[in-house]
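Asker: Input: one structure, supplied below.
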């Protein structure tokens, strides 16, 4: 070695080394799993390089029986080992025979990029535990029992679908970086791209739908628009294609063999309904992606049963009344609230409202008001359970949307016939404003679970706008204190969900926070 080369070698050794992604101290189990995953990753990379050298892998599209499959980022056997999507389902659904769920979800090696993330996140049960703590408490759509069993048997050679789901679980549960916008997160870009590639390859499954839902939640929670709106619409289409919206529709898959699997399907579909209603709260005139639930629709079981992995019972959505004598879980309550919210949004955005009989419109508004009061009363009795925050937020958001329509009756044409029902609904709306703001402040007295729940953000934004209006009208010290409390909670949530900061900036831009500067 020459003197120059030796000096260069010494210089290279003296440079600071990048820190490892792994903790300094690991348990033997963690180290063992990392070694196993690394061995599987090395094996997959060797196979990929061998295939690439033969010219059989790349970014091109492969044709198989007239079906184009993008293979970039997926193992090459994804284009030849799996059964292709049954085109009969769309061409003639009467001739279609439901297929096994595994038929469109074959055993495929995990893409290298996802494996890199999972290795740095091992042990995988630790990744799952973070998800159960930060996300599952307010969005319990995954079976802890089924996920744990699958993770224990995870193989990089066969579990591409599970790997994508684990990647999305990590994505939605991690705190956002202070150095980059959530839309530019490498983990988000990897998850989004991997979902698209697997879907385009025809790898349709419940795990794919669950992954799509979690990506949509991430986008919603960090105000990544229009991606969030489009992702929720896309997840709805996937669920509809699988027949989750209606068992009388064409069914892509055979009926599940277990109650747990059917419950996961039900929870995935209800999550789509909730997201669809929530994403339309702030935008007027856009149609909902998901129609109203059918009579006979069942709610998810209680979380105590779901989290223990036992077989539970399901209450009907359309019950005669809200009652505390029947146990309804927190997620089922959120489903009930999202259903009523959907009715309020359809009432607000009815394209024919200008020509609809005003008596009918006001009567419908009163019915919605009474329904929301009953739901609020029921939820208030459950408010000590922090997992109920999502249901309460959706219910209060629905009330504030309705009251915003009728608190000022100047919107009704003075040239038409004025009705006494207008004043009745106006009084109910103004009183409702006061009731909701008081209940929100009571809710904020308890810190449990609030920071982790993104569904609370829009409700707090609406509440802040009401307080700002009260301050302009009355200027009471109590209203200023209430506004300061709500905005303070939004600032706290912003550390977890960036959408909270966007709401604060909107309030600042329209002058709603001027009273806090005085």
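The values are calculated or read from the model by the stated rules, or taken from the named source; none is laboratory data. Note that the structure is predicted; figures quoted are calculated from it, not measured. Glycine also receives a Cβ, built like all others from the backbone with ideal geometry; neighbour counts cover every protein chain displayed.
Asker: Out of curiosity, is residue 159 at pLDDT below 95 and buried (at least 16 other Cβ atoms within 10 Å of the Cβ)?
Answerer: When the stated conditions are applied, residue 159 passes them.
Asker: Additional query: Answer yes if at least one residue in the stretch 478-486 is at pLDDT 95 or above and under 25 Å from residue 275 (Cα atoms), and no otherwise.
Answerer: Yes, the stretch 478-486 has at least one match.
Asker: Output the number of residues of the stretch 137-168 satisfying the condition of being without any contact (Cβ under 8 Å) to a residue 40 or more places away in the chain and within 26 Å of residue 332 (Cβ to Cβ).
Answerer: Residues in the stretch 137-168 being without any contact (Cβ under 8 Å) to a residue 40 or more places away in the chain and within 26 Å of residue 332 (Cβ to Cβ): 4 in total.
Asker: Sort out which residues of the stretch 335-361 are in a helix (DSSP H, G or I) and at pLDDT below 95, and write them in order of number. Reasoning before the result, please.
Answerer: Restricting attention to the stretch 335-361, the residues satisfying the condition of being in a helix (DSSP H, G or I) are 335-348, 358-361.
Result: 358, 359, 360, 361.
Asker: Can I ask one more? If we keep just the residues of the stretch 94-107 that are modelled with pLDDT of 85 or more and not in a helix (DSSP H, G or I), which is surrounded by the fewest Cβ atoms within 10 Å (Cβ to Cβ)?
Answerer: Across the stretch 94-107, the extreme among qualifying residues is 97.
Asker: Here is a follow-up. In the stretch 190-207, what residues are without any contact (Cβ under 8 Å) to a residue 60 or more places away in the chain and within 22 Å of residue 261 (Cα to Cα)?
Answerer: Those that are without any contact (Cβ under 8 Å) to a residue 60 or more places away in the chain and within 22 Å of residue 261 (Cα to Cα): 195, 199.
Asker: Just to verify a result, which residue in the stretch 436-472, among those that are free of Cβ contacts under 8 Å to residues at least 12 places away in the same chain and more than 15 Å from residue 512 (Cβ to Cβ), is surrounded by the fewest Cβ atoms within 10 Å (Cβ to Cβ)?
Answerer: 445
Asker: Looking at the stretch 482-500 only, could you name the residues that are surrounded by 17 or more Cβ atoms within 10 Å (Cβ to Cβ) and over 16 Å from residue 467 (Cα atoms)? Don't jump to the end; show me each part of the working.
Answerer: We begin by selecting, within the stretch 482-500, every residue surrounded by 17 or more Cβ atoms within 10 Å (Cβ to Cβ); these are 482-483, 485-487, 489-490, 493-494, 496-500.
Passing the criteria: 493, 494, 496, 497, 498, 499, 500.
Asker: Any residue in the stretch 375-398 that's over 24 Å from residue 307 (Cβ atoms): show its pairings with residues that are assigned to a loop (DSSP other than H, G, I, E, B) at Cβ separation under 6 Å, as long as the two are six or more apart or on different chains.
Answerer: Correct list of pairs: 375/322; 397/281.
Asker: Residues that are buried (at least 18 other Cβ atoms within 10 Å of the Cβ) and in a helix (DSSP H, G or I): does the stretch 284-302 have at least one?
Answerer: no
Asker: Of the numbered conditions (1) assigned to a helix (DSSP H, G or I); (2) over 22 Å from residue 424 (Cβ atoms); (3) modelled with pLDDT under 95, residue 332 satisfies every one except a single condition; which is it?
Answerer: Looking at each condition in turn, residue 332 falls short on (3).
Asker: Do you know which residues across the stretch 388-422 are at pLDDT below 90 and assigned to a helix (DSSP H, G or I)? Before the answer, list the steps.
Answerer: As a first pass, look at the stretch 388-422 and keep what is at pLDDT below 90: 408-422.
The answer is 409, 410, 411, 420, 421, 422.
Asker: With (1) closer than 23 Å to residue 124 by Cα; (2) within 16 Å of the chain's Cα centre (by Cα); (3) not in a helix (DSSP H, G or I) as the list, and residue 177 as the residue in question, which single condition is left unmet?
Answerer: (2)
Asker: Counting only residues that are more than 21 Å from residue 282 (Cα to Cα) and either touching a helix residue (DSSP H, G or I) at 6+ places or on another chain (Cβ under 6 Å) or assigned by TED's automatic domain parsing to the domain that holds residue 277 (or both), how many does the stretch 386-400 have?
Answerer: Within the stretch 386-400, residues that are more than 21 Å from residue 282 (Cα to Cα) and either touching a helix residue (DSSP H, G or I) at 6+ places or on another chain (Cβ under 6 Å) or assigned by TED's automatic domain parsing to the domain that holds residue 277 (or both) number 2.
Asker: Just checking, which of 274, 232, 224, 213 is within 28 Å of residue 392 (Cβ to Cβ), modelled with pLDDT of 95 or more and either touching a strand residue (DSSP E or B) at 6+ places or on another chain (Cβ under 6 Å) or not in a helix (DSSP H, G or I) (or both)?
Answerer: Step by step, each of 274, 232, 224, 213 is checked, and only 224 is within 28 Å of residue 392 (Cβ to Cβ), modelled with pLDDT of 95 or more and either touching a strand residue (DSSP E or B) at 6+ places or on another chain (Cβ under 6 Å) or not in a helix (DSSP H, G or I) (or both).
Asker: Assigned by TED's automatic domain parsing to the domain that holds residue 108, buried (at least 19 other Cβ atoms within 10 Å of the Cβ) and more than 12 Å from the chain's Cα centre (by Cα): is that true of residue 220 in this structure?
Answerer: Spelling it out, it is not the case that residue 220 is assigned by TED's automatic domain parsing to the domain that holds residue 108, buried (at least 19 other Cβ atoms within 10 Å of the Cβ) and more than 12 Å from the chain's Cα centre (by Cα).
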